[in-house]
Amino acid sequence: PQGTRLGEGGELLFAGAPVSHLAARFGTPAYLLDEEQVRNTARAYRRALPEADVAFASKALCTRAVLRWVAEEGLSLDTCSAGEIAVARAVGFPAERILLHGNAKTPEDLKAALQYGVGRIVLDSLDEVEQLGALAHGAQRVLIRVTPGVSGDTHAAITTGTEGQKFGFSLRPDVRDNVDRAVAAVLSQPSLQLTGLHCHIGSQVSRVDRYEEAARKMVEVLVRIRDQYGITLRDLDLGGGHAVPYADREASFDLDGYARRLRVALGYECSSQDFPLPRLTIEPGRAIVGPAGITVYRVCAVKRGARTFVAVDGGMSDNPRPALYGARYTARLVGRRTKAARTPMTVVGRHCESGDVLADVCLPDDIHVGDLLAVPCTGAYHHSLASNYNLVGRPPLVGVRDGHATLLVRRETEEDLLRRC
Ligand code: LLP
């Protein structure tokens, strides 16, 4: 991963700190996060699209420290629950820079958002328009989430821009919850102020042409709404979903190409539209934190049968992504040097399912109990997707900067687990 480099003696330096020292100090498994890399990526986004409001999707990784870093880097924040708003609130994240999302926001989510005074709420059903209309005072700024009918070409479970999945208002005139009804419903609520549209075509999307297609579709909808309702909506939020490379040879996201295509599609570069330039928002989550994290495991057993299995002290409770999305990872031996030949092995977790697989990789033949393995690119949707399956405590999250480590989230203890069962 970026931000790490191989030091002497087979030692992996992570943000300047030897991984084996971090493993000894914080135990394993542990999530490590490179603060400088998170900040640099945030800056790269702002540089690539200076005209856009870049909102970090906190579902990827929501802790006080991370929200503080992205706030300091000038990002906005995409939240999707009262819980995420509570963390934002705890660090004083500027409320006007927060968005609330969700297809089933509870009254508690909506109340938390209104109480803190979040800048924008993204509406996702006619029922929600009514509920928020009744709860809001003043003029709560809202966006309407549109299903643009554009596929992100990604795993079905994280495809969100096409008809037949649960998110957004349809562009089809023949269904009840469609965009036109949503506009009319919002306009009839005196407590809501409609400022724009939102779409999110999916996650782990590497095709920048699909974003261009979505942007063009959304401009068409903005123009149609202006012509039909006589209102010019200025906010256009194109969501997140930018892919990161998990395994070797996986394509990374072409951020500059993406920025270029969006500018053209929205008229920033050659103003072909008779529509004012939208105020653009984007919502990357994974791309900001994913590559900045690694997970360190200790080998518990090496079983040599029809296949060689390297079993580690974590697994699907700290990384359910292979089981959920067929995600592929690499793993490497860290902390010692070896000349042993490398052969194909399967790194598996400690959980009671044969689907608990972390990676198929080539590892040194002399790998043994007690060795450390590092899995790169685990900064997004690992800590946030972690569970207590088999009553295993969730790993700590350790922030590292200039060789200096800080415990950001402590390991869950047996006491923590017993308190709830
Ligand atoms: N905006 C909205 C409205 C979203 O629903 C999401 C992600 C994002 C932005 C950020 O997407 P990102 O840039 O992080 O891809 N657990 C899955 C990912 C689920 C994403 C859900 N929504 C995974 O581990 O791949």
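Each value in this text was obtained by applying a stated rule to the coordinates, not by laboratory testing. Owing to the predicted nature of the structure, the values given are computational and were not obtained by experimental measurement. Backbone-built Cβ (ideal geometry, glycine too); neighbour counts: all protein chains shown.
Collect residues whose amide H, placed 1.01 Å from N in the peptide plane, falls under 5 Å from the amide H of S125; neighbours closer than 5 in sequence don't count.
The list, which skips near neighbours in sequence, is empty: none.
Going by average Cβ density within 10 Å per residue, which order do the peptides 254-264, 166-176 take, highest to lowest?
Answer by packing, highest mean first, reads 254-264, 166-176.
If I build a Gaussian network model for the chain, linking alpha-carbon pairs within less than 10 angstrom, which residue out of R145, R224, R321 has the largest mean-square fluctuation?
Per the Cα network of the chain with a 10 Å cutoff, R224 tops the list.
Could you list which residues have their amide H under 5 Å from that of R394, counting only those 5 or more apart in sequence or on another chain, with H placed in the peptide plane?
Those qualifying (amide H under 5 Å, at least 5 residues apart or on another chain) are E412.
Search the structure for amide H atoms under 5 Å from the amide H of D53, placed 1.01 Å from N in the peptide plane, and list their residues when 5 or more places away or on another chain.
It is L280, T281, I282, by chain and number.
Can you tell me the dipole magnitude for segment 35-289 around its Cα centre, using point charges on the Cβ only (Lys, Arg +1; Asp, Glu -1), in Debye to the nearest 20?
The dipole magnitude comes to about 300 debye.
What do the square roots of 5 times the Cα gyration tensor eigenvalues come to for the chain, in whole Å, largest first, as semi-axes of the equivalent ellipsoid?
41, 22, 20
Residue by residue through segment 13-23, what is 3J(HN,Hα) from phi via Karplus (6.51 cos²θ - 1.76 cosθ + 1.60, θ = phi - 60°)? Round to whole Hz and write x for glycine and proline.
Calculated HN-Hα couplings, in order: 8, 10, 6, x, 10, x, 4, 5, 5, 5, 5 Hz.
Once you charge only the Cβ atoms, +1 for Lys and Arg and -1 for Asp and Glu, what is the size of the charge dipole of segment 17-161 about its Cα centre, to the nearest 20 debye?
The dipole magnitude comes to about 380 debye.
Segment 214-237 to segment 267-326: how many Å between their Cα centroids?
Computed from Cα coordinates, the inter-centre distance equals 32 Å.
Which value in deg cm²/dmol, rounded to the nearest 500, describes the helix-derived mean residue ellipticity at 222 nm for the chain, given -39,500 (n - 2.57) per DSSP H run of n ≥ 4 and division by the residue count?
Dividing the helical sum by the residues of the chain leaves -8000 deg cm²/dmol.
Determine the gain in length on full extension of the stretch L407-C352; use 0.36 nm per residue of separation and subtract their C-alpha separation, reporting nm with one decimal.
Length difference between fully extended and current span is 16.9 nm.
Would you check the chain for Lys pairs whose C-alpha atoms are within less than 30 Å, ignoring same-chain pairs closer than 8 in sequence, and give me the count?
So the count of such lysine pairs works out to 9.
Just A156, A15, A405 to compare: in a GNM of the chain, with alpha carbon springs under 10 Å, which one fluctuates most?
Looking only at A156, A15, A405, the biggest GNM fluctuation is shown by A156.
What list of ³J(HN,Hα) values in whole Hz, one per residue of segment 199-211 in order, does the Karplus curve 6.51 cos²θ - 1.76 cosθ + 1.60 (θ = phi - 60°) give from phi, with Gly and Pro shown as x?
8, 8, 7, x, 10, 6, 9, 9, 7, 5, 5, 5, 5
Loop by DSSP (not H, G, I, E, B), at most 13 other beta-carbon atoms within 10 Å: where is the longest site-free stretch of the chain for GluC sites (Glu not before Pro)?
Looking at the chain, 52-162 is the longest stretch - no exposed GluC sites (Glu not before Pro) with at most 13 other Cβ atoms within 10 Å.
Test of understanding: ordering C199, C300, C80, C421 by Cβ neighbours within 10 Å, fewest first, what list do you get?
Going from least to most buried by this count: C421, C300, C80, C199.
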